[in-house]
Amino acid sequence: MALHYAFRLSLIAFATESVRGILSHSDFIGATQSALLAAVIFFGLGLVLGEIATRLVEESERAIFEKWKNNLD
């Protein structure tokens, strides 16, 4: 899940930065470099946030299951 989130977040960052470069009439190399840098930064951020989200969901489901299992007894 973390990897999927990271890829999507980096693609959104790349697209946003590319559009910003086009709208500000930047040169191609500069716009591409800033878009790639934004994609790399947001990929790392997406990995971290995706891993945190995965652990939170797993822990929540584990707690719900344990509560359900204890109510059966």
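The values are calculated or read from the model by the stated rules, or taken from the named source; none is laboratory data. The shown structure was predicted, so the numbers you read here are calculated from the model rather than taken from an experiment. Using ideal geometry, Cβ is built from the backbone for each residue, glycine included, and neighbour counts are taken over all protein chains shown.
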task = Kindly list, by first and then second residue, each pair from a residue in the stretch 44-72 that is under 17 Å from Ser10 (Cβ atoms) to a residue that is of a type in the set (Gly, Ala, Ser), limited to pairs with Cβ atoms under 7 Å and residues at least 6 apart or on different chains.
result = Gly46/Ala6; Gly46/Ser10; Leu47/Ala2; Leu47/Ala6; Gly50/Ala2; Gly50/Ala6; Glu51/Ala2
ask   = Which numbered condition trips up Phe65, out of (1) at pLDDT below 95; (2) surrounded by 11 or more Cβ atoms within 10 Å (Cβ to Cβ); (3) not aliphatic (A, V, I, L, M)?
value = (2)
remark   = Checked pairs for the stretch 1-26, first loosely packed, with under 14 Cβ neighbours inside 10 Å, second in a helix (DSSP H, G or I), C-beta under 6 Å and 6 or more apart or across chains, list as Met1/Gly50; Met1/Thr54
